[in-house]
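Engineer: Supplied in structure tokens, the structure appears directly below.
The values are calculated or read from the model by the stated rules, or taken from the named source; none is laboratory data. The model shown is predicted, which means the values in this text are computed figures rather than measured ones. Cβ placement follows ideal geometry from the backbone for every residue including glycine, while neighbour counts extend to all protein chains displayed.
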Amino acid sequence: MTNIGKFFIDGQWVAPVSQMSADVIDPATHTVVGQVPLANAEDANRAVIAARRAFDSFSQVPLADRIALLRRIAKGMTRRQEDIAQAISAEIGVPIAYARSGHAAAGAAHIEILCRELESFAFEWMQGDTLVTRLPIGVAALITPWNVPVNQIVIKFAPALAAGCTMILKPSEIAPTCATIIAEIIQEAGIPAGVFNLIHGDGPGAGAALTSHPQVDMVSFTGSTRAGIAISNGAAPTIKRVGLELGGKSANILLDDVDLADAVAKGVRACFANSGQACSAPTRMLVPRGMMADAARIAAGVADGLRVGDPRNPATDLGPVANANQWRSIQAMIAAGVAEGATLAAGGTGLPEGLTTGDYVRPTVFADVAPTMRIAQEEIFGPVLSIIPYDSIDHAVEIANSSVYGLAAYVQGRDLDRVRAVGRRLRAGRVHLNYPVLDRTAPFGGFRQSGNGREQGRYGLEEFLEYSALIGHGAA
């Protein structure tokens, strides 16, 4: 496995100043698969100083050269795709087939989309006698989560680099190897010293040091709403830009003309993808009250048919969740659903049948869920689906919008005009109509406590740019 014992700072692999470290644990077996150093404030400061020193020159690099660099990085990610997939499977328990297709392959795909967008992106234009320009914001701290490590790293560092920023990446200490592999790829692609820096560490240590650092101009964070609040508070004294992609509790409205068997089955699988560890997962399925019994039966059948087990087995549908703390939190939420009176249609607490170790969760379906129950309001971040009855379209929309989150929403039905009309009423950053093909060019981000700002494609690029107006530029 790639060495995760060093940091990449100012173009070199260097030993940490900090003497602290943490075990990296395989959640399928509870065995230690590595140790990751935990950066302190001095390590963070070294990385920030390197990025600040590199900014003036890199911000002037021609766009064509930045695009060429990104394309070399994309080729490197394709070349090392299997290394990345194996690391993801070992560190967070993703079944190897999905680690390859759903995780590792996303890196090069996002970079190629961004490069195409850059070829037509307007960095400046005349407005009367004023030249309006978009300039790189400066030094960016990129703080990424464990659940989709490649995707979240790439949709931050690639647009930051494309904009002409320099950066420091701090990935989750739970899944550090992908970031190290990506840093190796970036180094091999010929990035100038100091433009991209990598430190490992936890949130209270390395994350807080980066967030509050006076020479960091922007923080881009993906993770929990709780951590997002802490980052916002830490960044406030230095008035830096903060981009947040946080939690979700996405509603999936099934209209009364829907193909129920198809829509429910697809909804269950979408909810349980990545073992339910996706902030935009459709975790609240809303069905007409008269369809509740049938929907619960179909959903339970799908859940019971999923193969839970060894993530190295290509036939596995669901591996473990990422760590023991996550497992305990999910167990507590399942118990809360039972205690509040929801109908347990499938799954429940404890390990799945036949498994005696590892952080495996039984694929769980609750029916007859009231919108006010904890399992209908709080992000569980595991393979747990809540099916909620509604009495009218207005009622469904009210329930869907009655969350503190607003990251994603889903609508299913045969009448496309009705589907579109309902979709327009949902307060979410992304609304998926009839389980569409994933659009990696669409903006990604949320309303309310799901965060602010947008990522992916040209929308992610705009996050790393500032406007500057040269007034009188066009005067004779």
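Engineer: Condition check: surrounded by fewer than 22 Cβ atoms within 10 Å (Cβ to Cβ), touching a strand residue (DSSP E or B) at 6+ places or on another chain (Cβ under 9 Å) and under 20 Å from Ala106 (Cβ atoms). Does Gly453 satisfy that?
Structural biologist: The answer is yes for Gly453.
Engineer: Okay, moving on. Please note which strands (runs of 3 or more DSSP E) are completely contained in region 310-402 and include at least 1 residues that are in the same structural domain as Arg425 (by TED's automatic domain parsing), within 27 Å of the chain's Cα centre (by Cα) and under 20 Å from Ala281 (Cα atoms).
Structural biologist: 364-367, 384-390
Engineer: Mind telling me which of the residues Gly205, Gly190 ends up being surrounded by fewer than 22 Cβ atoms within 10 Å (Cβ to Cβ), farther than 21 Å from Gln35 by Cβ and more than 20 Å from the chain's Cα centre (by Cα)?
Structural biologist: Values: Gly205 fails: farther than 21 Å from Gln35 by Cβ.
Of the residues listed, the single one that is surrounded by fewer than 22 Cβ atoms within 10 Å (Cβ to Cβ), farther than 21 Å from Gln35 by Cβ and more than 20 Å from the chain's Cα centre (by Cα) is Gly190.
Engineer: I'm trying to understand the selection: among the residues of region 138-178, which are over 12 Å from the mean Cα position of the chain (by Cα) and in a loop (DSSP other than H, G, I, E, B)?
Structural biologist: Gly138, Gly164, Cys165, Glu173, Ile174, Ala175, Pro176
Engineer: Give the residue, chosen from Ile174, Ile185, Ile155, that is at pLDDT 95 or above, closer than 21 Å to Ile113 by Cβ and surrounded by fewer than 24 Cβ atoms within 10 Å (Cβ to Cβ).
Structural biologist: That would be Ile185, the only listed residue that is at pLDDT 95 or above, closer than 21 Å to Ile113 by Cβ and surrounded by fewer than 24 Cβ atoms within 10 Å (Cβ to Cβ).
Engineer: Right, next: Considering only region 298-315, how many residues are buried (at least 18 other Cβ atoms within 10 Å of the Cβ) and out of contact with any helix residue (DSSP H, G or I) (no Cβ under 8 Å at 6 or more places or on another chain)?
Structural biologist: Counting residues in region 298-315 that are buried (at least 18 other Cβ atoms within 10 Å of the Cβ) and out of contact with any helix residue (DSSP H, G or I) (no Cβ under 8 Å at 6 or more places or on another chain) gives 4.
Engineer: Report, by residue number, each residue of region 19-35 that is under 26 Å from Gln215 (Cα atoms) and in contact (Cβ under 8 Å) with a residue 40 or more places away in the chain.
Structural biologist: Passing the criteria: only Met20.
Engineer: Let me ask something else about it. Where the second residue is β-branched (Val, Ile, Thr) and not in a helix (DSSP H, G or I) and the first is within 22 Å of Arg53 (Cα to Cα) and assigned by TED's automatic domain parsing to the domain that holds Gly93 and lies in region 177-203, which pairs have Cβ atoms under 6 Å and are six or more apart or on separate chains?
Structural biologist: Taking only residues 6 or more apart or on different chains, the pairs are Val195/Thr166; Asn197/Ile9; Asn197/Ile168; His200/Val36.
Engineer: Do we have any residue at all in region 67-81 that's of a type in the set (Val, Ile, Thr), at pLDDT below 95 and farther than 22 Å from Glu466 by Cα?
Structural biologist: Looking for residues that are of a type in the set (Val, Ile, Thr), at pLDDT below 95 and farther than 22 Å from Glu466 by Cα, one finds none in region 67-81, hence no.
Engineer: Mind listing just one residue for me: the one in region 434-449 that is in contact (Cβ under 8 Å) with a residue 60 or more places away in the chain and not in a loop (DSSP other than H, G, I, E, B) and, of those, surrounded by the fewest Cβ atoms within 10 Å (Cβ to Cβ)?
Structural biologist: Kept after step one, since they are in contact (Cβ under 8 Å) with a residue 60 or more places away in the chain, are these residues of region 434-449: 435, 440-441, 444-446, 449.
Narrowing further to those that are not in a loop (DSSP other than H, G, I, E, B): 444, 449.
Details: Phe444: 22, Gln449: 20.
The selected residue is Gln449.
Engineer: How many residues are in a strand (DSSP E or B) and touching a residue at least 60 places away in the same chain (Cβ under 8 Å) when one looks only at region 107-126?
Structural biologist: From region 107-126, those in a strand (DSSP E or B) are 124-126; that's our starting set.
Add one more test, that the residue is touching a residue at least 60 places away in the same chain (Cβ under 8 Å), and what stays is 126.
Within region 107-126, residues that are in a strand (DSSP E or B) and touching a residue at least 60 places away in the same chain (Cβ under 8 Å) number 1.
Engineer: So Val219 clears everything in (1) under 21 Å from Lys156 (Cβ atoms); (2) without any contact (Cβ under 8 Å) to a residue 40 or more places away in the chain except one condition, right? Which one?
Structural biologist: Looking at each condition in turn, Val219 falls short on (2).
Engineer: Select the strands (runs of 3 or more DSSP E) contained entirely in region 1-62, then report the ones holding at least 1 residues which are modelled with pLDDT under 95.
Structural biologist: Correct list: 31-37.
Engineer: Just one of (1) over 27 Å from the mean Cα position of the chain (by Cα); (2) not in a loop (DSSP other than H, G, I, E, B) trips up Ala299, so point out which.
Structural biologist: So Ala299 meets the others, but not (1).
Engineer: Report the residue count in region 232-256 for those that are in contact with a Pro (Cβ under 7 Å, 6 or more places away or on another chain), in a strand (DSSP E or B) and charged (D, E, K, R).
Structural biologist: Residues flagged as in contact with a Pro (Cβ under 7 Å, 6 or more places away or on another chain), in a strand (DSSP E or B) and charged (D, E, K, R) within region 232-256 amount to 0.
Engineer: Filter region 273-294 down to the residues that are more than 15 Å from Leu255 (Cβ to Cβ), of a type in the set (Gly, Ala, Ser) and part of a helix (DSSP H, G or I) and list them by number.
Structural biologist: Ala273, Ser275, Gly276, Ala293, listed by residue number.
Engineer: Continuing with the same structure: Give the residue, chosen from Ser101, Ser89, that is outside the structural domain of Thr316 (by TED's automatic domain parsing) and surrounded by 24 or more Cβ atoms within 10 Å (Cβ to Cβ).
Structural biologist: Ser89
Engineer: Here's another thing I want to ask about it. Regarding region 281-297, can at least one residue be identified that is surrounded by fewer than 19 Cβ atoms within 10 Å (Cβ to Cβ) and outside the structural domain of Asn434 (by TED's automatic domain parsing)?
Structural biologist: No, because not a single residue in region 281-297 is surrounded by fewer than 19 Cβ atoms within 10 Å (Cβ to Cβ) and outside the structural domain of Asn434 (by TED's automatic domain parsing).
Engineer: Next up: Mind counting the residues in region 211-230 that are in contact with a helix residue (DSSP H, G or I) (Cβ under 7 Å, 6 or more places away or on another chain) and buried (at least 23 other Cβ atoms within 10 Å of the Cβ)?
Structural biologist: Number of matching residues: 7.
Engineer: Related question: Do the conditions hold for Ile471, that is, is it surrounded by fewer than 22 Cβ atoms within 10 Å (Cβ to Cβ), out of contact with any helix residue (DSSP H, G or I) (no Cβ under 9 Å at 6 or more places or on another chain), in contact (Cβ under 8 Å) with a residue 60 or more places away in the chain and farther than 20 Å from Pro145 by Cβ?
Structural biologist: Yes, satisfied.
Engineer: Oh, and also: Does any residue of region 257-265 turn out to be more than 26 Å from Gly347 (Cβ to Cβ) and part of a helix (DSSP H, G or I)?
Structural biologist: no
Engineer: Still on this structure: Any residue at all in region 90-106 that's under 26 Å from the mean Cα position of the chain (by Cα) and under 30 Å from Asp56 (Cα atoms)?
Structural biologist: no
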